[in-house]
Amino acid sequence: MRTNTDSIAQSRAFHQDRPLVQLRNVHLAFGANQVLKGIDMDIRKGQAVSIVGPSGSGKSTILRCITGLVHPEQGEIYVGGVDVRALTSEQALIQLRKNIGFVFQQYNLFPHLTVLQNLTVAPIKVAGVSPEQAQATAYELLRKVRLAGKEHAYPGQLSGGQQQRVAIARALAMRPDLILFDEVTSALDPETVGEVLTVISDLVSDGMTCVLVTHEMRFAEEVSDEVYFTEAGRIVESGPPEQIFHAPQSERTRTFLQRALGKTGVEHPPTMDVLPAIDFKGIQFSY
Amino acid sequence: MGSNSIFGYLWAWLPALLRGLWVNIEISVLAMLLGTMLGLVIGAVSLSQARGLRMLTRWYVLLFRNAPILILIYFTTYVFPFELNIFSWTFPFPDWIKVVIGLGLPASANVAEIFRGAVQSIPSTQWESAQSLAFTRAQIFRIIVLPQCIRRMMPAWMNLYAGITMSTSLASLVGVHDVVEMATIASNTVARTDFTILIYFTLLLLFFMYCYPIARLTRSLEKKHAN
């Protein structure tokens, strides 16, 4: 974790073996609606962690807690040894967020800026990188997400999958210590899901710490070091993907996975070159 | 074309009409300038956290958006003095300035609403994603929200501009020598029914030629924005 002046004292207390992200007994309610009911989680540097579970189980809220977009009323959250709940000033939250990338379901690119500007605006204005350096990094990242040549396009001119890859590059441009992915393929057309997952799996191979909230079970199984299954604001079960997907301890996990894997019939492939054929009531759609 | 042909008269009066039209254009531009500057300030205040200020701007907007423009023009004409004396300086307050204010007030109320609507129409997800990139609130407003607002405001602003331009024709009622006043003088001087008909058609055409391009531009901006 990069040190910044605000967190030096806290970083000293942060041991090398301590997880990068640590949640202990986190509770959060929106009004009368209890969303998180005691979440414990450890994410180590370089790990890829997936959070799966039914809609409304609080998966996305966990990510929002980590980056300080929402404030739990109880529990502890540490990111790189910094106590997130203690950060009240805007400046302190900004120091935290400089180190955390966030990719949203709806991409949320800035529609009035070109792809290149989307990638450079935060490094220049927030991190104080020189425009030349920021552009060089942006070009490099666009190659990485396989979008070289789209620098001067506006987000509205790109497909969903392309926009999402720009959003990933935008998060990477701040050189974060970890990236949070919030159902990043849920809003995409089936044919563009693969290209986004390919980019994420590249990042995981590069050793980037990734936390994925996802409905792509096969993908979660393939890339994760650890999988958390959440339901109704609690973590029902966590462990290596082999355990969660093939030998779940909990009946609830088993039921969910049966439904999740059986529901669509076809799981989106993690790579672009394997394309699905859908058989629907005798009518075949081949891609 | 003989000198007593109505087109001959029109030709003779055209320079005066165009001078009058120039007054209308000046009034519309100044009224929109005043209305935009004042409206942006009022619109920004209407988004502030302070409840008292918010209520104040709300009432301002309600009052001036719902007032007939003719009444506002009469209001400023008769409420404001014709000159202002501050110590030994005298500032004349001609009627055309009063019309600028009379049109600028409703324009500002409308601009305030357009601005408030534009800011609120920017999805909260834009704020969230900018926050995640570690922008401060002030930076988000300046770099992310405001530029998007300007785009969204343009069609409505141009519409207002066309509306205010048309309303400048009311200036003649308080003695401003605008294009309508010129047409009335010409009509009374020539004193021929056929010429009167012609000159009012000309008047329609002049306003059309000024406002139609604005409307077309607005439409194309709206189309562009829809994509």
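What the table shows:
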quantity	calculated
Of the criteria (1) more than 17 Å from B:S132 (Cα to Cα); (2) modelled with pLDDT under 95, which one A:S50 fails	(2)
Leading residue by the ranking (nearest to the other protein chains (Cβ to nearest Cβ)) among those in the stretch A:59-76 that are part of a loop (DSSP other than H, G, I, E, B) and more than 21 Å from A:C210 (Cα to Cα)	A:H71
Whichever residue in the stretch B:178-227 is closer than 14 Å to B:F7 by Cα and among the charged types (D, E, K, R) and, among such residues, is farthest from the other protein chains (Cβ to nearest Cβ)	B:R192
Total residues in the stretch B:193-214, condition exposed (fewer than 14 other Cβ atoms within 10 Å of the Cβ) and touching a helix residue (DSSP H, G or I) at 6+ places or on another chain (Cβ under 7 Å)	1
Tally, over the stretch A:77-95, of residues that are in a helix (DSSP H, G or I), of a type outside the set (G, A, S) and more than 13 Å from chain B (Cβ to nearest Cβ)	2
Positions within the stretch B:150-183 being of a type in the set (D, E, K, R) and in a helix (DSSP H, G or I), in sequence order	B:R151, B:R152, B:E181
Count of the stretch B:48-94 residues which are within 20 Å of B:N110 (Cα to Cα) and in a helix (DSSP H, G or I)	21
Qualifying position, being surrounded by fewer than 19 Cβ atoms within 10 Å (Cβ to Cβ), within 14 Å of another protein chain (Cβ to nearest Cβ), among the basic types (K, R) and without any contact (Cβ under 8 Å) to a residue 40 or more places away in the chain, among B:R54, B:R137	B:R137
Exclusive hit being out of contact with any helix residue (DSSP H, G or I) (no Cβ under 9 Å at 6 or more places or on another chain), more than 14 Å from chain B (Cβ to nearest Cβ) and either closer than 30 Å to A:P190 by Cα or in a helix (DSSP H, G or I) (or both), set A:R143, A:R165	A:R143
Of all residues making up the stretch B:188-205, the number that are within 16 Å of B:D178 (Cα to Cα) and either among the charged types (D, E, K, R) or not in a helix (DSSP H, G or I) (or both)	0
Residue check for B:A130: over 26 Å from the mean Cα position of the chain (by Cα), crowded, with 18+ Cβ neighbours inside 10 Å, of a type in the set (G, A, S) and not in a helix (DSSP H, G or I)	no
Search result, residues across the stretch A:96-140 that are more than 10 Å from chain B (Cβ to nearest Cβ) and in a loop (DSSP other than H, G, I, E, B)	A:T114, A:G128, A:V129, A:S130
Failed criterion for B:P147 (all others in (1) outside any loop (DSSP other than H, G, I, E, B); (2) buried (at least 16 other Cβ atoms within 10 Å of the Cβ) hold)	(2)
Test set (1) more than 14 Å from chain A (Cβ to nearest Cβ); (2) under 30 Å from A:A173 (Cα atoms); (3) of a type in the set (D, E) - B:E128 fails condition number	(1)
Which numbered condition A:A187 fails, given (1) outside any helix (DSSP H, G or I); (2) among the aliphatic types (A, V, I, L, M); (3) under 19 Å from A:N118 (Cα atoms)	(3)
A:L188 vs. criteria out of contact with any Leu (no Cβ under 6 Å at 6 or more places or on another chain), modelled with pLDDT of 95 or more, away from every other protein chain (no Cβ under 14 Å) and buried (at least 20 other Cβ atoms within 10 Å of the Cβ)	no
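Residues are listed down the side, and each one gets a yes or a no for (1) away from every other protein chain (no Cβ under 14 Å); (2) surrounded by fewer than 21 Cβ atoms within 10 Å (Cβ to Cβ):
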site: B:N66; (1), (2): yes, yes
site: B:I71; (1), (2): yes, yes
site: B:F75; (1), (2): yes, yes
site: B:K98; (1), (2): yes, no
site: B:S124; (1), (2): no, yes
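The values are calculated or read from the model by the stated rules, or taken from the named source; none is laboratory data. Quick caveat: nothing in here was measured; it's all calculated off a predicted structure. Because the Cβ atoms are built from the backbone with ideal geometry, glycine has one as well, and the counts that use them run over all protein chains shown.
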